[in-house]
1. All but one of (1) open to solvent by 30 Å² or more (accessible area, probe 1.4 Å); (2) in contact with a strand residue (DSSP E or B) (Cβ under 9 Å, 6 or more places away or on another chain) hold for P12, so report the exception by its number.
2. Just wondering, is there one or more residues in region 299-318 that are part of a loop (DSSP other than H, G, I, E, B) and assigned by the TED database to the domain that holds R226?
3. For region 182-198, give me each residue that is open to solvent by less than 60 Å² (accessible area, probe 1.4 Å) and of a type outside the set (S, T, Y).
4. Given the conditions (1) among the hydroxyl-bearing types (S, T, Y); (2) within 21 Å of T385 (Cβ to Cβ); (3) buried (at least 22 other Cβ atoms within 10 Å of the Cβ), report the number of the one that T94 does not fulfil.
5. Please state which one of L77, L42, L17 is under 19 Å from P187 (Cβ atoms) and open to solvent by less than 20 Å² (accessible area, probe 1.4 Å).
6. Looking only at region 271-285, decide whether some residue is touching a residue at least 60 places away in the same chain (Cβ under 8 Å), more than 26 Å from M381 (Cβ to Cβ) and either among the hydrophobic types (A, V, I, L, M, F, W, C) or not assigned by the TED database to the domain that holds S390 (or both).
7. If I filter region 52-71 for residues that are open to solvent by 30 Å² or more (accessible area, probe 1.4 Å) and more than 19 Å from the chain's Cα centre (by Cα), do I get at least one hit?
8. Examine region 144-151 for a residue that is within 17 Å of F365 (Cβ to Cβ) and open to solvent by 10 Å² or more (accessible area, probe 1.4 Å), and state whether such a residue exists.
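The values are calculated or read from the model by the stated rules, or taken from the named source; none is laboratory data. Since we're looking at a predicted model, the values are computed, not measured. Every residue, glycine as well, gets a Cβ built from its backbone with ideal geometry; the counts of neighbours run over all protein chains shown. The protein model used for the area step is the full one, side chains on, heavy atoms only, and it has no ligands, DNA or RNA in it. Shrake-Rupley method; radii C 1.70, N 1.55, O 1.52, S 1.80 Å.
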Amino acid sequence: MSRWSGFRELWPLVHLLFPLSIHWMAEEMTVSVLVDLTTSALCPGFSTCSKAIYINGVQQTIVGIFKMVVLPLLGQLSDEKGRKPLLLITMSTTIFSFAILVVNQSEEFVYAYYVVRTFSYIISQGSIFCISVAYVADVVDEGKRAAVFSWITGLFSVAHVLGNALARFLPEKYIFSVSIALLIFCPVYMQLFLVETVVPASRKNQQSGCCARVADVLHRRYKSMRHAAEIVIFSPTLRGMALVSFFYELGMSGISSVLLYYLKAVFGFNKNQFSELLMMVGIGSIFSQILLLPLLNPLVGEKVILCSALLASIAYAWLYGFAWAPWVPYLSASFGIIYVLVKPSTYAIISKASSSTNQGKAQTFIAGTQSISDLLSPIAMSPLTTWFLSSNAPFECKGFSIICASICMIISLCLACLLKPNDVPPLSNDIEDNPETPLLIDNS
């Protein structure tokens, strides 16, 4: 029953989810191609490219540093200025980086791509999903959010499957051009059809001088960021979820940053094998997020689902790390059916523990803690992966860095087992003073 209830709740969100799905599909169709493209541009004639691994690690570190500040700031702005303008800004940034690769795919242009893509990641990575989740919380009643979140992450998986299918069968020379056309369509559609759910506050200092207005903006940003930190720190559930998310992302982001380069070096995988693996994960996760999670959630709750998904992510890492044959990565990818449930269960727990006026702050502040993981993981993963893929490795275990990353996910599982998400959160004490309240709330 809850599964169909979640489906009905999606109808008011069509103008959000349709462009989001197109955006995710357009981004995903480039993932498998980028590994071959960057390797051939930076290390022509070689299947292993330590330069590409290190550049990806540096990019992830820089993005992690700035996201710690940018993500919570974007969440606060979405609570105050509205969800729609922030979504338009964050979704538009990806267009410019892919445009560079359409012009030319030489070594110099690949370096330029990395620079522009770094700025794009700082603004868009994680923030699009968090602001979208806050938009959903504005529209959907609290008791129905877990089912809706599972449908949304399921659509995310559908978009990934379609993106990887396009990458598998579309000629490589057309992939980036098609991706840019789809990416441009998304903000245009959203501008025309998406309904805002937040009333922007009217400020009293519109006639103030420039310096006074800048000082006032900085003061309000500081107070808002401090308030966001207090919301998480003083809530046992949100504090626990921040730690769970930190250690999970520390392990998973480290694996994701080197995995495709590891598979290319060890088993000689190319665009086609990468697309097949990603499609396997996507197809399985569609089933688990759209059908399985809405059915299980009323029976066992978000905590059990979260712990089961974390356990599956550990098995996923171990199979990749100890992979002894080309078919083992396909077996490992099958665990994506379960571990993808980490995200929707996390969003549901955070949303339940937050008041309606603090959804953006809570979601993006915890996403900001994940950015610290994005900062730290490449510092260890990039050199460790390069070392064990080289002939100078101290012992024969090419996936040793992935095994090390799984330790972080084990810690995350232990912390998740200690959560008490069913505790009732205290009501927000700033509702009366906060004019940025949702316009669309389903109280049925």
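1. Failing condition for P12: (2).
2. Taking region 299-318 and keeping what is part of a loop (DSSP other than H, G, I, E, B), we get none.
For region 299-318, residues part of a loop (DSSP other than H, G, I, E, B) and assigned by the TED database to the domain that holds R226: absent.
3. Applying the first criterion (open to solvent by less than 60 Å² (accessible area, probe 1.4 Å)) to region 182-198 yields 182-183, 186-187, 189-190, 194, 196-198.
Within region 182-198, L182, L183, C186, P187, M190, L194, E196, V198 qualify.
4. Condition not satisfied by T94: (2).
5. On the way: L77 fails: open to solvent by less than 20 Å² (accessible area, probe 1.4 Å); L42 fails: under 19 Å from P187 (Cβ atoms).
On inspection, the qualifying residue turns out to be L17.
6. So far as region 271-285 goes, yes, one or more of its residues are touching a residue at least 60 places away in the same chain (Cβ under 8 Å), more than 26 Å from M381 (Cβ to Cβ) and either among the hydrophobic types (A, V, I, L, M, F, W, C) or not assigned by the TED database to the domain that holds S390 (or both).
7. Looking through region 52-71, at least one residue is open to solvent by 30 Å² or more (accessible area, probe 1.4 Å) and more than 19 Å from the chain's Cα centre (by Cα).
8. Our first condition is that a residue be within 17 Å of F365 (Cβ to Cβ); within region 144-151, this holds for none.
No, because not a single residue in region 144-151 is within 17 Å of F365 (Cβ to Cβ) and open to solvent by 10 Å² or more (accessible area, probe 1.4 Å).
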